[in-house]
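Engineer: A single structure is presented below for examination.
Only the coordinates and a few stated rules stand behind these numbers; no lab work does. Bear in mind the structure is a predicted one, so any value in this text is a computation, not a measurement. Here the Cβ positions follow ideal geometry from the backbone for every residue, glycine too, while neighbour counts run over all protein chains shown.
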Amino acid sequence: MSRVTEVEDPESLSEEPVRRADGGEGGGPPRIGKPSLFGRIGDFYQAVKIEMRKVTWPTRAEVWSTTVVVLIAIVFFGFYLWGVDLLVTLGFEGLEKTIR
């Protein structure tokens, strides 16, 4: 029941260019200093806000219909497992009687 939403601006999803600490364009790997704890928390919070804007919440009718399906499945499998347990118990009791 998930819905795919289109992104309004695909350019906003592109990664930010990586900058070297020394400002050079050398052939080695880029060097970026580790952000502070508060900087990482702020980045995480911003990413959560962006992702929450993309969330599509189910309607009340969808929630009710899936709840009913789950409850019916629980009742069905409850009776099914009860029946299987009853048959296995009767089978073992019959086996025990024949052995004695």
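Engineer: Taking square-rooted eigenvalues a ≥ b ≥ c of the alpha carbon gyration tensor, is segment 31-88 rounded, prolate or oblate, where a/c under 1.5 means rounded and, failing that, a/b exceeding b/c means prolate?
Structural biologist: Verdict is oblate for segment 31-88.
Engineer: How many nm is it between the label spots at THR59 and ASP43, if each spot is 7 Å from the Cα in line with the beta carbon?
Structural biologist: Those two pseudo-labels are separated by 4.0 nm.
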